[in-house]
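J.: Once you've had a glance at the structure underneath, I'll fire off some questions.
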Amino acid sequence: MSDAHSAQDWKVWFAENGARLRLIARQWTRSDADADDVLQEAFIRFWKNQRHLPGNPNALVVTSIRRSALDLYRSTDRRSVREQTVFADSDTMTWFEPE
């Protein structure tokens, strides 16, 4: 698909492939909401880079879904580690000292 394609072409392509791509996104994520976020991010990445990427648009979007899901997982994992570190450090910190 290129920029020359119309909005109607995009709608037809999405109608044909959207459910399958969402299922793929759901398999890579932990929730429906995360799958929707990953799919949206994948479409945005694809749309921005489509002129520079040769090949099958379905394969490119699936690859983008996988990468977006991995990015989400890494982000969530880093946040969890930060929160656990702060929680562990808070046991040794004095937040309030009564007089």
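Quick note: the coordinates plus some simple rules give every number you see, no bench work behind them. Predicted model, so just to flag it, every value in this text is computed and none were measured. Neighbour counts are summed over all protein chains in view; Cβ atoms, including those assigned to glycine, are modelled from backbone coordinates with ideal geometry.
J.: Cβ under 14 Å from L72's Cβ, L72 left aside: what net charge do those residues give with Lys, Arg +1 and Asp, Glu -1?
T.: With Lys, Arg at +1 and Asp, Glu at -1, the net is +1.
J.: Would you mind computing the Rg to Rh ratio of the stretch 1-86 from its alpha-carbon coordinates, Kirkwood style for Rh? Don't skip to the end; give the middle numbers.
T.: Details: Rg = 14.8 Å, Rh = 13.8 Å.
Rg/Rh: 1.07.
J.: Which FRET efficiency value, to the nearest 0.05, is calculated for V12 and E83 with the Förster distance at 41 angstrom and r the Cβ-Cβ distance? Could the numbers behind the result be given before it?
T.: On the way: r = 44 Å, r/R0 = 1.07.
Efficiency for this residue pair is about 0.40.
J.: Arrange the following residues from fewest to most other Cβ atoms within 10 Å of their Cβ: V12, V61.
T.: Listing V12, V61 from fewest to most nearby Cβ atoms yields V12, V61.
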